[in-house]
Amino acid sequence: MKKFIPVAIVIVLIFLVVAIGFGGQLLDRYTYSNERADLSEYYNISDTNNLPIVLQDTITEDTVKLIDGAYYMEEGMADTYFSVEFYKDEATDTLYYTTATDIIKTVIGSTEYTEGDVATTLDYKAAVEVDGQIYICLDYLRKYANFSYEVYSDPGRIQIYTQWEERTIADIKKDTTVRYQGGIKSPILEDIKAGATVVVLEQMDNWTKVKTDTAIIGYVENKMLTNIRKETPEAVNDVNLPVFENTTKDYTICMGWHQIGGMAGNADIYNVLTNVKGLNTISPTWFSLSDNQGNFTSFADHDYVDYAHSLGIEVWALIDNFNENVDLNSLLSIQESRTALINNLISTALDYNLDGINIDFENVPEEASDSFIQFIRELSIPCRENDIVLSVDNYVPREYTNYYNRKEQGIYADYVIIMGYDEHWSGSTEAGSVSSIDYTEEGIASTLKEVPANKVINGVPFYTRIWTTEGSNVSSEAVGMAIAESWVKDYTSGAVWDEKTCQNYAEYESGGKYYQVWLEDSQSMETKLNVMSKYKIAGVAAWKLGFETPDVWDVIDAYVTASK
């Protein structure tokens, strides 16, 4: 018995040690952690003057900058967040914002801005420049966009709302903590008091993802939530956003470009309009930039306009930038020359009783892109005031032409016209269609990602190219429909329908040369028009009048009639 007692004591002690260890593990497992998260790390803050943005219910990677007690956003972010685009005049260091009716200016670093002729003083700088980057004060942006913002400290962060849709909210039942993740061992982000209200973002079995009223996003236990309900916050609508009352028509546009090389060419209108059906708009190539001061050559003719009007056809005169001596960037980036061009265009349009202006600035250099868009914005104001239709010609969208900013064109201009041709052009290194059906549809679908359908016009070719391949050399000649059809009859065994391009195709070989043509005719035109009907766009334009065969007008007229 004496020998048994020490053994029993050892066993008991071992049992107690195991029990204590096991109990400690249990205690540790079910005890709430008091570890606190580093909020600067949570918000990824490396500079206390750069405040992270919480947009709606998401912590973004963007920041606003604290400068002299005010909060500033990068210029490019203003469009991303609030659909507000500015233009910087490099020569005068002036920032422009253009509405439907006015041009608003502020010198960067100034506490004053002007709208029209009225100057207003602010208690902050509207815009500043830091390390070559322009920042715009949020309070200045609030003049042009409906949004709310609130700043929180320790660490500094900013909550921005641009939408006020219905959301789920809940009350906190008793004092608790908001944790980084769902779990009692997850670090604490914030202590939260009973009665506080949180936004419910995602509900799970035991934890719910919430956002507190200080823009902390984390997790609380489900048992701590009560009175879960729906709420629609009061929207911020104190800014009267500009209303762009564009001069769009209540009928399907059918426009033909009329190439005119001099005053004598105006008489050709009587010929090109002989067989047309459904045409309601004509765009003569009358104007061409002539210098960097805003002047242009003109072949405008009163009799031409009067004759078109007598047939119920509107005249949208075209201006191009094909003069190699004109530096488009120099012209459009200087306010005086840009304004001179606008004034000259409007005065000429009024003098000749024009119905519209068609801007055909091609190969716009990327460095001129911002000035080009500002020109469109500013030109739109007097066009709108004088009921003059403003249309802008564009290439089929490609990544390398994104800087044409079709989105802004679609806001300020009345129509954005796709030049839906030159898929293969004079400089192409391989023969091919000028405008296959896939190319046509791609141009329309891509443009519609940025421009409303009721503002999109698709341009189609009345011409094709006869291609010659000799060894590795490829060349082509642009011809009208009638010439192309004659060529097929004279030199080939006939054209066959190509399902891939939706065009009639012909070819032949002679003397070591290989000839090909993808025809534009009434059949190919009908397939293109069917695509336009599918997307319900504003209409069709054709380059160029005089190159078509009469039967093409039958399918065009049917499209225009059916689209009414």
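The values are calculated or read from the model by the stated rules, or taken from the named source; none is laboratory data. None of these values were measured; they are calculated from a predicted model. Because the Cβ atoms are built from the backbone with ideal geometry, glycine has one as well, and the counts that use them run over all protein chains shown.
Just a few scattered comments:
- Restricting the search to strands (runs of 3 or more DSSP E) fully inside region 453-564 and requiring at least 1 residues that are buried (at least 21 other Cβ atoms within 10 Å of the Cβ), of a type outside the set (Gly, Ala, Ser) and at pLDDT 95 or above gives 456-461, 463-470, 503-510, 513-518, 539-543.
- All of Lys544, Lys513, Lys536 fail the test of being over 22 Å from Trp257 (Cβ atoms), assigned by TED's automatic domain parsing to the domain that holds Asn358 and touching a residue at least 12 places away in the same chain (Cβ under 8 Å), apart from Lys536.
- Lys277, sole failed condition from (1) among the basic types (Lys, Arg); (2) within 28 Å of Phe244 (Cα to Cα); (3) surrounded by fewer than 18 Cβ atoms within 10 Å (Cβ to Cβ): (2)
To keep it simple, each residue is scored yes or no on (1) under 24 Å from Thr162 (Cα atoms); (2) β-branched (Val, Ile, Thr); (3) touching a Lys or Arg at 6+ places or on another chain (Cβ under 6 Å).
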| site | (1), (2), (3) |
| --- | --- |
| Thr111 | no, yes, yes |
| Glu115 | no, no, no |
| Leu122 | yes, no, no |
| Glu129 | no, no, no |
| Ile134 | yes, yes, no |
| Asp139 | yes, no, no |
| Lys143 | yes, no, no |
| Phe147 | yes, no, no |
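- Residues being modelled with pLDDT of 95 or more, assigned to a loop (DSSP other than H, G, I, E, B) and out of contact with any Leu (no Cβ under 7 Å at 6 or more places or on another chain) - total across region 154-180: 7
Matching residues to (1) surrounded by fewer than 17 Cβ atoms within 10 Å (Cβ to Cβ); (2) under 30 Å from Asn454 (Cα atoms):
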| site | (1), (2) |
| --- | --- |
| Thr197 | yes, no |
| Met204 | yes, no |
| Lys209 | no, no |
| Ala215 | no, no |
| Arg229 | yes, no |
| Thr232 | yes, no |
| Asp238 | yes, yes |
| Pro242 | yes, yes |
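- Residues located in region 244-254, provided they are at pLDDT 95 or above and loosely packed, with under 14 Cβ neighbours inside 10 Å: Tyr251
- Pairs where the first residue, in region 183-196, is without any contact (Cβ under 8 Å) to a residue 24 or more places away in the chain and assigned by TED's automatic domain parsing to the domain that holds Asn227 and the second is exposed (fewer than 12 other Cβ atoms within 10 Å of the Cβ) and part of a loop (DSSP other than H, G, I, E, B), C-beta under 9 Å, 6+ apart: Lys193/Lys174; Ala194/Lys174
- Those strands (runs of 3 or more DSSP E) of region 39-143 in which 3 or more residues are more than 30 Å from Thr168 (Cα to Cα) and among the aliphatic types (A, V, I, L, M) occupy 103-107, 127-130.
- Here Val178, Val107 are screened, and the one residue that is more than 30 Å from Arg384 (Cβ to Cβ) and outside the structural domain of Glu367 (by TED's automatic domain parsing) is Val178.
- For region 301-319, a residue qualifies if it is under 34 Å from the mean Cα position of the chain (by Cα) and closer than 18 Å to Leu350 by Cβ, and the qualifying residues are Glu314, Val315, Trp316, Ala317, Leu318, Ile319.
- Only residues that are in contact with a strand residue (DSSP E or B) (Cβ under 8 Å, 6 or more places away or on another chain) and either under 24 Å from Val560 (Cα atoms) or free of Cβ contacts under 8 Å to residues at least 24 places away in the same chain (or both) were counted across region 438-474, and they come to 16.
- Meets criteria (of a type in the set (A, V, I, L, M, F, W, C) and surrounded by fewer than 19 Cβ atoms within 10 Å (Cβ to Cβ)) for Leu332: no
- Residue ranges of helices (runs of 4 or more DSSP H) in region 339-448 with at least 3 members surrounded by 20 or more Cβ atoms within 10 Å (Cβ to Cβ) and among the polar types (S, T, N, Q): 369-385
- Here Asp123 qualifies as more than 22 Å from the chain's Cα centre (by Cα), surrounded by fewer than 18 Cβ atoms within 10 Å (Cβ to Cβ) and within 24 Å of Asp238 (Cβ to Cβ).
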